[in-house]
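Presented below is the structure to which this report refers.
The values are calculated or read from the model by the stated rules, or taken from the named source; none is laboratory data. As the structure is a prediction and not an experimental result, all values here were calculated from the model. Glycine also receives a Cβ, built like all others from the backbone with ideal geometry; neighbour counts cover every protein chain displayed. We work out accessible area using only protein heavy atoms, side chains counted, and drop any ligands, DNA or RNA first. Shrake-Rupley method; radii C 1.70, N 1.55, O 1.52, S 1.80 Å.
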Amino acid sequence: MANLGAPGKTAGDITDELLTFNVENMQNNAKIIYYSRTFMSIVGGVIAGILGFTGLTGFLFYFLVMAITSVGLASKASFSVHSYFDGWNKIIFDGFLGGLLSFVLFWTFTYDLVHIF
């Protein structure tokens, strides 16, 4: 934070230092997170079904896939998350539950295809 009482600083200098965000870019970044989580949920569900995970093991695998996805998204943003998003919660939590439904759908479908016959 800039100090208003700092010598040599005027109010105009301080407003030049404020960060601005482009709303369209922020919405596009949020869509990319949502699509990435959905895609990784589908891939993770197919892998969990092929590997034959059942019960709690499958859900733990989902949390592992989402953690890897979060690290991947943060690394894509060069770990300077505040330049592209409102905060860390966008990368960590956005699309989490929607991805869970896709994961369970593809997990059970693939499990039935591979292990029932």
Checklist (1) open to solvent by less than 80 Å² (accessible area, probe 1.4 Å); (2) modelled with pLDDT under 85 applied to Asn3, failing item: (1)
Residues of segment 78-100 that turn out to be open to solvent by 50 Å² or more (accessible area, probe 1.4 Å) and either farther than 14 Å from Met40 by Cβ or without any contact (Cβ under 8 Å) to a residue 60 or more places away in the chain (or both), as a count: 13
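Hey, does segment 87-96 have a residue that's farther than 15 Å from Phe39 by Cβ and outside any helix (DSSP H, G or I)? First the steps, then the outcome.
Our first condition is that a residue be farther than 15 Å from Phe39 by Cβ; within segment 87-96, this holds for 87-93.
Still in the running and outside any helix (DSSP H, G or I): 87.
Taking every residue of segment 87-96 in turn, at least one turns out to be farther than 15 Å from Phe39 by Cβ and outside any helix (DSSP H, G or I).
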Checklist (1) touching a helix residue (DSSP H, G or I) at 6+ places or on another chain (Cβ under 8 Å); (2) open to solvent by less than 90 Å² (accessible area, probe 1.4 Å) applied to Ser75, failing item: (1)
